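Novice: I'd like to ask you about the structure that follows.
The values are calculated or read from the model by the stated rules, or taken from the named source; none is laboratory data. Remember, it's a predicted structure, so these values are computed and weren't measured experimentally. Reconstructed Cβ throughout: ideal geometry from the backbone, glycine too, with neighbour counts over all protein chains shown. Each accessible area value is taken on the protein alone, full model and side chains, heavy atoms only, with ligands, DNA and RNA left out. Shrake-Rupley method; radii C 1.70, N 1.55, O 1.52, S 1.80 Å.
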Amino acid sequence: MGSAACRYCTVIQEHDHRYKVRRARHALDSSYPRCDLHWRFVCAVCGKPRHFHAVSFCGRKRAFYCIACAGDHPADPRSFWAWTYSYRLKCPWRAESHEALDRLEHDHRHPWQLRPDWARAKRGMSRVEEIPDRWAFRVEPMAGITDEDVRKGWDDVAKWWVSRYTAKGDINREWVIDPALFEILGNVRGQKILDAGCGTGYLARLLAGAGASIDGVDVSTKQLEAAEADQTQSKLHIRYHRGDLADLGMFRDATFDIVVSNIVLQDVRRLSDAVKEIFRVLRPGGRFVFSITHPAFEAPVPGRWILEPADTERVEDRQHLAVDRYFDRVAVYWGPPGELLAVGFHRPLRDYFEALHDAGFLVSRYEEPLPTEEALRRFPRYFRDMVRLPNFLIVEAVRPKGS
């Protein structure tokens, strides 16, 4: 079969000489040409195609579903053929989990093996040859971007942004950032806290529930509308304000014991002005605790994972991170493909520490958080790469007493 052989079939045959290699029909111009069985299958929940090793099948529902729609997806450590694990995906319809299609094939339980008519009809297989990008990006010069562009961008993406959140935030906040953030914050009962860039208000609600007095500020009217709606349901007293962090004129000097900003400052255009305003509204001795995406490893500037094949969901297939143009200062528009894009800013790490220094802060703690053990067990596809490279960082800075 030569170059027309399915790459996955060939790998399997190297471990089982009885395995029949099929002709490749998909991704023919790639390093991983694939047969129908080893192509992409369409999820009955989200309607999107995924790599076959990230799709499972519910026999009672008689439907395929993908790793993104599974409640969790722990790694089954039983080795098979060339692989040391397979995903076990929590069923979206029933209180059970199912092995992914690669493991099902090995065990002769793949729906195409059990139902030859399904194989002939290629039931569940995607007919689309294109492998879409996971995220859409556009990079532009930072000059020319206005505060209004930033505000409008976050209003535009409010719908899909809110859809990513639970009461504990998105998956990265819940399982990586917030455990370390809350450990640094400590006991907040009785503390007056500003949630700087509060968005949908999930962090404000968690802090208010822990006994803190909370004000939240965000530039996006629509994000704040979502926050206000959730506040009505939770019965917590949180004061929300629309405004830019670079102008916190609604607050007097030395108002807060703590300012917390969770994955926000990389989206602030006037960073230096914002940090100076945060210094002003903190009382002497007060703490500024913030997290950001790690500027050394952000995508698409300065880094991107090199994947082989391009649509793999296995972490070991992320061969390396290609990093370049770290010192560029650019605006980055990003979001899911087909959706409106939010705007943020890539700048080197020194810019954040220079802003802290110029405002008068003293840095007291620096952390590059790792996913929790439970996160690694339940969601290996999301988090195993984070034990290779840090995706986020957390800084605690103090306004000196007497300042």
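Novice: Report, in whole Å, the centroid distance computed from the Cα atoms of the range 93-155 and the range 297-329.
Specialist: Spelled out, the Cα-based centre of one part sits 18 Å from the other.
Novice: Pop out the carbon and sulfur fraction of the accessible area of the range 247-350 as a percent, whole number, probe 1.4 Å. Intermediate values should be presented prior to the final figure.
Specialist: Numbers: 2050 of 4060 Å².
Here carbon and sulfur together make up 51 percent of the probe-accessible area.
Novice: Stokes-Einstein diffusion coefficient for the range 334-375 at 37 °C in a medium of 0.692 mPa s, Rh from the Kirkwood formula over Cα pairs: what value in µm²/s? Don't skip to the answer; put the middle values down first.
Specialist: Details: Rh = 14.1 Å.
Rounded, D is 233 µm²/s.
Novice: Next question, about the same structure. Using amide H atoms built in the peptide plane, which far-off residues or other-chain residues are under 5 Å from Phe288 H to H?
Specialist: Counting only residues 5 or more places away or on other chains, the set is Val259, Ala397, Val398, Arg399.
Novice: Moving on. Can you give the FRET efficiency to the nearest 0.05 for Asp29 and Ala136, using r as the Cβ-Cβ distance and R₀ = 22 Å? Let's see the in-between values first.
Specialist: On the way: r = 23 Å, r/R0 = 1.02.
Given R0 = 22 Å and the Cβ-Cβ separation, E is 0.45.
Novice: A further question follows. What is the set of long-range amide H partners of Tyr240 at a cut-off below 5 Å, with H atoms built 1.01 Å from backbone N?
Specialist: Under 5 Å from the amide H of Tyr240: Gly216.
Novice: From the phi angles alone, apply the Karplus equation (6.51, -1.76, 1.60; θ = phi - 60°) to the range 112-127 and give each ³J(HN,Hα) in whole Hz, x where the residue is Gly or Pro.
Specialist: 6, 6, 7, 10, x, 5, 5, 5, 5, 7, 6, 5, x, 6, 6, 8
Novice: Per 0.36 nm of contour for each residue apart, how much would the distance between Glu373 and Ala296 grow if the chain were fully extended, relative to their Cα-Cα spacing? Don't jump to the answer; show the numbers that get you there.
Specialist: Values: separation 77, 0.36 × 77 = 27.72 nm, distance 2.44 nm.
Computed gain between Glu373 and Ala296 is 25.3 nm.
Novice: Rounded if a/c is under 1.5, else prolate if a/b beats b/c, else oblate: with a ≥ b ≥ c from the C-alpha gyration tensor eigenvalues square-rooted, which is the range 256-403? Walk me through the numbers on the way to the answer.
Specialist: Values: a/c = 2.41, a/b = 1.75, b/c = 1.38.
Verdict is prolate for the range 256-403.
Novice: Sticking with this structure for a sec: Considering only DSSP beta bridges with both partners in the range 116-262, what is the antiparallel share in %, to the nearest 5? Walk me through the intermediate numbers first.
Specialist: On the way: 1 of 14 bridges.
That works out to approximately 5 percent antiparallel.
Novice: When the helices in the chain are scored as -39500 (n - 2.57) per DSSP H run of 4 or longer and the sum is shared across all residues, what 222 nm value do you end up with, to the nearest 500 deg cm²/dmol? Can you show the working numbers first?
Specialist: Working: 13 runs with 103 residues, N = 403.
Rounded to the nearest 500, it is -7000 deg cm²/dmol.
Novice: Describe numerically, in nm with one decimal, the distance between label points set 7 Å from Cα along Cα→Cβ at Ala4 and at Ser272.
Specialist: Simple spin-label model gives 6.4 nm for this pair.
Novice: Once you put a point 7 Å from the Cα of Arg189 and another 7 Å from the Cα of Arg94, both along the Cβ direction, what distance in nm separates them?
Specialist: Calculated label separation equals 4.6 nm.
Novice: While we're on this one: How large is ³J(HN,Hα), in whole Hz, for each residue of the range 18-27 in order, when computed from phi with the Karplus curve 6.51 cos²θ - 1.76 cosθ + 1.60 and θ = phi - 60°, using x for Gly and Pro?
Specialist: 7, 6, 8, 7, 9, 6, 6, 10, 9, 6
Novice: Now a separate question. Long-range amide H contacts for Phe256: which residues qualify at under 5 Å (H placed 1.01 Å from N, peptide plane, sequence gap of 5 or more or a different chain)?
Specialist: Long-range HN contacts for Phe256: Leu282, Arg283.
Novice: Measuring from centroid to centroid over Cα atoms, what is the spacing of the range 14-73 and the range 161-198 in Å?
Specialist: 36 Å
Novice: Find how much the distance from Arg239 to Ala119 grows on full extension, using 0.36 nm per residue of separation minus their present alpha carbon separation; answer in nm with one decimal.
Specialist: Values: separation 120, 0.36 × 120 = 43.20 nm, distance 5.80 nm.
So the chain would gain 37.4 nm between Arg239 and Ala119.
Novice: Kirkwood hydrodynamic radius, the range 292-360, all distinct C-alpha pairs: what's the number in Å?
Specialist: Numbers: mean 1/r = 0.0720 Å⁻¹.
One over the average 1/r among Cα pairs gives 13.9 Å for the range 292-360.
Novice: Out of every Cα pair in the range 350-403, what percent are spaced more than 14 Å from each other? Don't skip to the answer; put the middle values down first.
Specialist: Working: 899 of 1431 pairs.
Taking all Cα-Cα pairs of the range 350-403, the fraction more than 14 Å apart is 63 percent.
Novice: Applying a 10 Å radius around every beta-carbon, put 225-231, 397-403, 5-11 in order of their mean neighbour count, most first. Working shown, then result.
Specialist: Numbers: 225-231: 17.7, 397-403: 15.7, 5-11: 19.7.
Most protected by this proxy first, the peptides run 5-11, 225-231, 397-403.
Novice: At a threshold of 8 angstrom on Cα-Cα distance, excluding pairs fewer than six apart, so keeping six or more, what relative contact order does the chain reach in percent? Write down the numbers at each step before the final one.
Specialist: On the way: 793 pairs, mean separation 58.1, N = 403.
Reported relative contact order: 14 percent.
Novice: Tell me the per residue accessible area of the range 1-59 using a 1.4 Å probe; a whole number in Å² is fine. Walk me through the numbers on the way to the answer.
Specialist: Details: 2880 Å² over 59 residues.
With all protein chains present, the range 1-59 gives 49 Å² per residue.
Novice: Take the alpha carbon gyration tensor of the range 137-265, find the square roots of its eigenvalues, order them as a ≥ b ≥ c, and report rounded if a/c is under 1.5; if not, report prolate when a/b exceeds b/c, else oblate. Could you put the intermediate results ahead of the total?
Specialist: Working: a/c = 1.57, a/b = 1.34, b/c = 1.17.
Verdict is prolate for the range 137-265.
Novice: Based on the alpha-carbon set only, what is the convex hull volume of the chain divided per residue, in Å³?
Specialist: Values: hull volume 59.5 nm³, N = 403.
Per-residue hull volume (Cα only) is 148 Å³.
Novice: Here's a follow-up. Taking the Cα centre of the chain as origin and charging only Cβ (+1 Lys, Arg; -1 Asp, Glu), how large is the dipole, in debye to the nearest 20?
Specialist: Details: 61 positive and 56 negative charges, 308 e Å.
That gives the chain a dipole magnitude of about 1480 debye.
Novice: As an exercise, use a Förster radius of 56 Å and the Cβ-Cβ distance of Tyr19 and Ala167 to find the FRET efficiency, rounded to the nearest 0.05. Mind showing how you got there, number by number?
Specialist: Numbers: r = 47 Å, r/R0 = 0.84.
Efficiency, rounded to the nearest 0.05: 0.75.
Novice: Please go through the residue pairs Lys61/Lys168; Lys159/Lys235; Lys48/Lys152; Lys61/Lys90; Lys276/Lys401 and name each one whose alpha carbons sit more than 20 Å apart in this structure. Numbers along the way, then the final one.
Specialist: Values: Lys61/Lys168 30 Å; Lys159/Lys235 23 Å; Lys48/Lys152 29 Å; Lys61/Lys90 13 Å; Lys276/Lys401 16 Å.
Violating the 20 Å limit, Cα to Cα: Lys61/Lys168; Lys159/Lys235; Lys48/Lys152.
Novice: Grab the beta carbon distance between Glu354 and Lys401, set R0 = 25 Å, and tell me the FRET efficiency rounded to 0.05. Present the calculation step by step, with values, prior to reporting the outcome.
Specialist: On the way: r = 23 Å, r/R0 = 0.91.
Once rounded, the FRET efficiency stands at 0.65.
Novice: When we measure straight from the Cα of Lys192, which aspartates and glutamates land under 16 angstrom away, once same-chain ones fewer than 8 places off are left out?
Specialist: Asp215, Asp253, Asp257
Novice: Something else: Within the range 153-190, list the residues whose amide N lies under 17 Å from a label point set 7 Å along Cα→Cβ of Val387.
Specialist: 175-177
Novice: Given a 1.4 angstrom probe, what's the average accessible area per residue across the range 124-174, in square angstrom? Write out the running numbers ahead of the final one.
Specialist: Details: 3080 Å² over 51 residues.
Accessible area per residue, the range 124-174: 60 Å².
Novice: Cα axis of helix 349-359 to longest principal axis of the chain: angle in degrees, 0 to 90, nearest 10?
Specialist: 10 degrees
Novice: If you plug each phi of the range 141-150 into the Karplus form 6.51 cos²θ - 1.76 cosθ + 1.60 with θ = phi - 60°, what whole-Hz ³J(HN,Hα) values come out, in order, with x for Gly and Pro?
Specialist: 3J(HN,Hα) across the range 141-150, in whole Hz: x, 5, 4, x, 6, 10, 4, 5, 4, 5.
Novice: Which percent, to the nearest 5, of DSSP beta bridges fully inside the chain are antiparallel?
Specialist: Numbers: 46 of 65 bridges.
For the chain, the DSSP antiparallel bridge percentage is about 70.
Novice: How much length is gained on full extension from Arg365 to Val11, taking 0.36 nm per residue of separation minus their Cα-Cα distance? Present the calculation step by step, with values, prior to reporting the outcome.
Specialist: Details: separation 354, 0.36 × 354 = 127.44 nm, distance 4.77 nm.
Extra length available between Arg365 and Val11 comes to 122.7 nm.
Novice: Let me ask another. Once a ≥ b ≥ c are taken as the square roots of the eigenvalues of the Cα gyration tensor of the range 66-137, is the result rounded (a/c under 1.5), prolate (a/b larger than b/c) or oblate (a/b not larger than b/c)?
Specialist: Numbers: a/c = 1.41, a/b = 1.03, b/c = 1.37.
Judged from the Cα gyration tensor, the range 66-137 comes out rounded (a/c under 1.5).
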